[in-house]
Structure formats: C-alpha cells, structure tokens
C-alpha cells in the first residue's frame with residue numbers, strides 16, 4: 001500500500017463560529033483508493049498557506065510511503081529542515097497527515113483506531129463544554145456571572161456534568177501579569193454563583209490562557225479554592241513549566257495544561273516539573289495520535305490524567321475520541337456544546353453525543369467521513385487567523 005494523493009480543505013466556520021474562524025482538513029488516498037482524513041490545529045499562518053504546507057510536507061515525506069510506517073514518517077517530518085524541535089506549525093501539519101494515515105490504517109484493518117492502540121477501555125466518554133453566548137443575550141455571558149449561572153443550569157438540563165468558563169479577561173502577547181483587584185473579584189464571583197447554580201451536580205473548570213505570572217495565579221487560586229473547581233487551566237504562559245509548577249505546589253486545585261504544547265518533549269518537561277495533574281493535548285497540534293498515546297503512557301506513570309483539548313473542527317474531535325477510548329487515564333473530553341450545528345453538518349454522520357457523554361464509534365478508522373460538498377460550500381474568505389490574542393499590553 002502506498003500513499004498517492006492529497007486534497008486539502010480550508011473551511012470557513014459560519015456564525016456563531018464556535019471552534020475558531022476556520023478548519024483546515026486534509027484527505028489522503030492510497031493506490032488502493034482507500035482515503036483517510038486529518039485536521040491541523042491553529043498554525044500561526046493563513047490557512048491557505050497551511051494547506052500549501054500540508055501539500056509540501058506530503059510530497060517530501062509521505063508520497064509513495066506505506067501509511068502503516070507511522071514512526072518512520074514521524075521522525076523524518078520532525079527532523080525536516082535540520083530542526084528536530086517541537087515547532088508548532090510543522091507539528092500541526094504532521095498531526096493532520098498522521099491522523100489521516102491512522103484513518104486509512106483502521107479502514108484497511110476494518111477496526112476503529114482505538115482497537116489498534118490497545119482496545120476499548122471506556123464504553124462512553126464524559127464531556128464538557130464552555131459556557132457559550134447566545135443570540136439576544138442581554139449582557140456578555142463571559143463577563144456576567146449571573147447570566148453565566150443561568151446558562152449553566154440550561155447545560156445541566158441537557159445532561160452536562162462539567163462546565164468551563166474564563167472570566168479572567170483578555171490575554172495578550174505581553175502576559176503573564178498580575179490581575180487587577182476587580183478582575184480577581186469577578187473571577188471569584190463567577191465561581192461563587194456557578195457553584196450555587198450547579199451544586200454538586202457538575203464540576204466547574206476554571207479556564208485561563210496564561211494571563212498571569214506564577215505569583216498572580218497563586219493569588220487567584222486562593223480565591224477559587226473554596227469552590228472546589230476540577231481544574232485551574234494554563235494559569236501561566238506555556239513556555240515555562242517550572243513557573244507553572246510553582247502554582248501547582250501552592251494550590252489544592254489541580255492544574256491543567258497542554259493546548260499550546262506539542263510532542264512528548266514538551267509534555268515531558270511538564271511532567272518532570274510536576275507542573276500539572278491533567279494534560280490537555282490537542283491532537284491536531286501535538287504530533288498526531290501515536291504521539292498522544294505516548295504522552296498518555298508517560299502521564300500514566302505519574303498518575304496524571306488526560307482531558308483532550310478541542311477548539312477546532314470535528315476531525316480533531318474524532319481523533320480525541322479514539323485516544324480517550326483506549327486510554328486508562330482519560331478524565332474528560334472537551335466538546336463544543338453537543339457536537340451539533342456546523343460541527344455535525346461538515347460530517348456525513350455526526351459524532352454521537354448522549355446525555356453528557358460521547359459514545360465511541362465502532363466504524364473503522366476515525367469513525368467519521370467529511371461531507372466534501374459542505375466543505376466546498378463554506379470556503380474561508382477572511383484574513384484573520386484561527387485565534388488571536390491582543391497585541392497591546394494592558395494598562
């Protein structure tokens with residue numbers, strides 16, 4: 001079996017745009033006409049350029065290769081251009097291509113990918129969602145704890161048992177910083193009202209995006225501790241796990257991190273520093289499915305759990321499901337609400353979500369197929385990147 005063809009899709013994500021402004025999908029095909037799909041997450045270049053990168057890397061390192069040779073392909077791409085370093089753009093490209101190879105491997109074997117990586121451990125996968133805005137909201141749910149508490153009750157009625165929110169304010173290219181006293185008070189107010197709204201029926205996941213110094217994060221953590229959040233997410237920027245470890249040692253709240261990290265080398269530094277109790281790798285950036293499984297094994301040694309990250313499209317979501325299903329240390333899966341809307345429309349058959357849980361597919365490969373007609377009908381026309389942060393320091 002040999003890889004022969006590649007096709008890319010840059011798909012605009014229509015309003016409300018939850019999951020980012022666009023998705024970058026790839027489809028690989030073999031000489032036996034078996035196809036697999038993948039997705040690249042959040043490379044810091046225009047998505048059309050990322051699509052060209054996918055084609056370039058495929059031509060250099062995958063064309064003519066047997067897709068079963070994951071390790072050989074991975075090492076060659078990881079070392080491309082004499083790098084051997086966890087470059088997030090190259091790893092996003094490699095993740096998408098590797099993911100598509102696993103989809104092909106599973107289809108050839110007639111098995112879901114999780115059966116090729118140890119087999120099913122979990123019959124269903126607990127999920128969480130952000131508390132999202134709604135059309136016609138009278139205020140900003142991301143900054144209004146009263147409205148957020150009302151929305152939390154709605155999510156509980158749908159079946160969710162865990163909710164995430166991020167009231168800590170903007171994140172900038174000049175973080176970490178100390179939050180102001182009004183920001184600290186708002187964060188604490190969110191925790192108080194949400195805990196009152198959900199009681200012990202749901203875990204609360206306090207999300208941040210590296211806004212704080214370690215000292216600033218410790219100040220905030222002390223305010224949050226009485227409300228027993230399941231985690232405190234990425235409290236400091238991702239480039240210094242030693243600083244995150246200072247926060248981990250100073251609070252009773254479990255620290256979660258990983259959406260901006262890539263490869264076992266980045267995550268190995270987090271684990272060695274004892275900086276987190278929960279790892280949030282995004283399979284469209286981390287280096288692919290096998291790399292994520294290796295990280296899961298490293299984490300298992302230290303009794304660290306997995307909560308795969310998802311703020312992109314449903315192909316990464318499908319890969320996350322495969323990893324979670326076969327990982328003993330899986331904790332919870334991020335979803336964008338109930339995996340409905342455009343995230344379902346772009347697939348031939350939507351991911352199965354029932355009462356707060358994803359049911360792992362039994363179909364071979366990743367268990368999904370792209371609806372290429374829907375992809376073609378929603379091209380991305382903008383210039384903005386998938387996600388942005390403020391380019392100005394806060395005053």
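Each value in this text was obtained by applying a stated rule to the coordinates, not by laboratory testing. Computed from a predicted model, the values in this text were never measured in an experiment. Ideal geometry is used to build each Cβ from the backbone, glycine not excepted, and the neighbour counts take in all protein chains shown.
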Check: Using every alpha carbon pair in the range 331-374, what percent of pairs falls into each 10 Å bin from 0 up to the bin containing the largest distance?
Finding: 26, 55, 18, 1
Checklist line | Convex hull volume of the range 138-249 per residue (C-alpha atoms, cubic angstrom) | finding: 101 Å³
Notebook entry, point to check: What full-extension length gain, to one decimal in nm, is calculated for residue 215 and residue 200 as 0.36 nm per residue of separation minus the Cα-Cα distance?
Noted result: 2.4 nm
Checklist line | Tensor-based shape of the range 78-132 (alpha-carbon gyration tensor, a/c under 1.5 rounded, otherwise prolate or oblate) | finding: oblate
Notebook entry, point to check: Normalised by the residues of the chain, what does the relative contact order come to in percent, with Cα pairs under 8 Å and at least six apart?
Noted result: 22 percent
Note to self: What distance in nm separates the two pseudo spin-label positions at residue 29 and residue 389, each 7 Å out from Cα along the beta-carbon direction?
What the structure shows: 4.1 nm
Next item on the list: Please report 191, 389 as a ranked list, fewest other C-beta atoms within 10 angstrom at the top and most at the bottom.
Entry: 389, 191
Next item on the list: Could you compute the FRET efficiency for residue 222 and residue 139, with r as their C-beta to C-beta distance and R0 at 41 Å, rounded to 0.05?
Entry: 0.90
Notebook entry, point to check: Taking square-rooted eigenvalues a ≥ b ≥ c of the alpha carbon gyration tensor, is the range 1-111 rounded, prolate or oblate, where a/c under 1.5 means rounded and, failing that, a/b exceeding b/c means prolate?
Noted result: oblate
Check: How much length, in nm to one decimal, is gained on full extension between residue 174 and residue 340, taken as 0.36 nm per residue of separation minus their Cα-Cα distance?
Finding: 56.2 nm
Check: Over its Cα atoms, what ratio of radius of gyration to 2.2 N^0.38 Å does the range 109-180 give?
Finding: 1.66
Next item on the list: Over every pair of different alpha-carbon atoms in the range 272-395, take the mean of 1/r and invert it; report that Kirkwood radius in Å.
Entry: 16.2 Å
Next item on the list: Post the alpha-carbon centroid distance, the range 2-17 to the range 218-250, in whole angstrom.
Entry: 36 Å
Next item on the list: Show that you can apply the helix-only estimate: for the chain, add -39,500 (n - 2.57) for every DSSP H stretch of four or more residues, divide by all residues, and state [θ] at 222 nm to the nearest 500.
Entry: -11000 deg cm²/dmol
Item checked: By average C-beta atoms within 10 angstrom, highest first, the peptides 283-289, 382-388, 258-264, 44-50 -> 283-289, 258-264, 44-50, 382-388
Notebook entry, point to check: Once both labels are modelled 7 Å past Cα along the beta-carbon direction, what's the residue 69-residue 45 spacing in nm?
Noted result: 2.5 nm
Checklist line | Stretch gain in nm, segment residue 121-residue 301, where the contour uses 0.36 nm per residue and the Cα spacing is subtracted | finding: 63.1 nm
Check: Taking R0 as 35 Å, what's the FRET efficiency between residue 349 and residue 269 from their Cβ-Cβ distance, rounded to 0.05?
Finding: 0.35
Checklist line | Highest to lowest packing among 29-35, 248-254, scored as the average C-beta count within 10 Å | finding: 248-254, 29-35
Next item on the list: List 266, 239, 166 from most exposed to least, where exposure is judged by having the fewest other Cβ atoms within 10 Å.
Entry: 239, 166, 266
